[in-house]
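Inspection log for the structure reproduced underneath, given as structure tokens.
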Amino acid sequence: MIYRVRHATRYVYGRPVDLAAHIVHVTPRDLPGQAVLWTRLEVTPAPVRRVDGVDYFGNPVAWLYHEAPHLTFDVLTESEVDVDFARPPPEETTLAWEDVAALARVGGGPALDAAEFLFDSPMCAANAAAGEYAALSFAPGRPVLAALLDLNRRIYTEFRFRAGVTTLSTPVDQVLARREGVCQDFTHLMISALRQVGVPARYMSGYIRTRPPPGQKRRLGSDQSHAWVGAWLGPEHGWVGLDPTNGIVVRAEHVVMGWGRDYGDISPVRGLILGGGDDVLTVGVDLVPADEWPDIAPA
């Protein structure tokens, strides 16, 4: 499936910003199952300096520097992405989850890149309560994919999606107690649980295809960015994407922007400003099949 992605971020400041430095993660990345056909990033006002590259995890990133006063800050990215992620292997062909955990603990060889996602991160530490919750899915000797799919399903069915009841700083314990939140909360919960039981897990950031209600037209800019979990199945099968917010395996409905240990590693826009205040943030996201897009792709 070829998608067109548009991600528009706008800050309006109550007072001028005199100096600013930002790190921007809003460009999809190439990886097995996902090819970026074209992409462009526009920034207004134009920065005095812009550096494009990749971060520690290999995600596309832009560093932006402003040295003139400004009252607004706009970041717009548009891309076309061809997505066709492979089906996960049969559950019974994957290693027992204890074997995956043991390989990750040893590290080295094919487990080297996965092992770093065992460790605590600022927003997503291993959590004993989350581990107890996951234990119902991780019975002794169970194939790791079977355990992961069961945990993914349980979070989807036992937690309620509800915006506005959590913030970026809401801890996993509170999400467990409330049994509600948004995709970021469910992703952090599942990662914390997996780190507690010893299965490497990373925070996946990107977009998911949404459809308008029956009989209604799509409203441009009405979607949002999305988060899900990447879990390691061992050296033979590698990583699988699991979306606990929707209870599904990532296949052809998602576009990956990048990954990290938690939200803080891959937040779309972050930085430092001198001045400003009383700022208002608006974000508009669209993920639409390219043949349904109302505009014409650039040459």
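The values are calculated or read from the model by the stated rules, or taken from the named source; none is laboratory data. From a predicted model like this one, the values you see are computed outputs, not experimental measurements. Heads up, the Cβs are rebuilt from the backbone with ideal geometry, glycines too, and the neighbour counts pull from every protein chain shown. SASA here: full protein model, heavy atoms, side chains in, ligands and nucleic acids out. Shrake-Rupley method; radii C 1.70, N 1.55, O 1.52, S 1.80 Å.
Here are some notes:
- Scanning segment 89-99 for residues that are outside any helix (DSSP H, G or I) and touching a residue at least 60 places away in the same chain (Cβ under 8 Å), we see that the one that is least open to solvent (accessible area, probe 1.4 Å) is THR94.
- Selection count, segment 254-291, where residues are in a strand (DSSP E or B), small (Gly, Ala, Ser) and closer than 15 Å to GLY58 by Cα: 2
- Residues being open to solvent by 80 Å² or more (accessible area, probe 1.4 Å) and not in a helix (DSSP H, G or I) - total across segment 121-161: 5
- Candidate set: segment 17-51, residues that are closer than 16 Å to GLY258 by Cα and of a type in the set (Ser, Thr, Tyr); chosen: the one surrounded by the fewest Cβ atoms within 10 Å (Cβ to Cβ): THR39
- Residue within segment 115-134 that is closer than 27 Å to ARG29 by Cα and over 23 Å from the mean Cα position of the chain (by Cα) present: no
- The residue list LEU287, LEU281 contains one member that is open to solvent by 30 Å² or more (accessible area, probe 1.4 Å) and either at pLDDT below 95 or not hydroxyl-bearing (Ser, Thr, Tyr) (or both), which is LEU281.
- Across segment 100-120, the qualifying residues are those that are buried (at least 17 other Cβ atoms within 10 Å of the Cβ) and of a type outside the set (Gly, Ala, Ser), and the one among them that is farthest from ILE155 (Cα to Cα) is LEU103.
- Residues (exposed (fewer than 15 other Cβ atoms within 10 Å of the Cβ), without any contact (Cβ under 8 Å) to a residue 40 or more places away in the chain and touching a helix residue (DSSP H, G or I) at 6+ places or on another chain (Cβ under 7 Å)) located in segment 166-204: ARG179
- Checklist (1) closer than 30 Å to ASP74 by Cβ; (2) at pLDDT 95 or above; (3) small (Gly, Ala, Ser); (4) not in a strand (DSSP E or B) applied to SER192, failing item: (1)
- Filter result for the condition that a residue is modelled with pLDDT of 95 or more, within 20 Å of ALA231 (Cα to Cα) and hydrophobic (A, V, I, L, M, F, W, C), over ALA20, ALA101, ALA86: ALA101
- In segment 2-15, the qualifying residues are those that are surrounded by 15 or more Cβ atoms within 10 Å (Cβ to Cβ) and of a type outside the set (Val, Ile, Thr), and the one that is nearest to the chain's Cα centre (by Cα) is HIS7.
- Among the candidates TYR56, TYR65, residue that is at pLDDT 95 or above and part of a strand (DSSP E or B): TYR65
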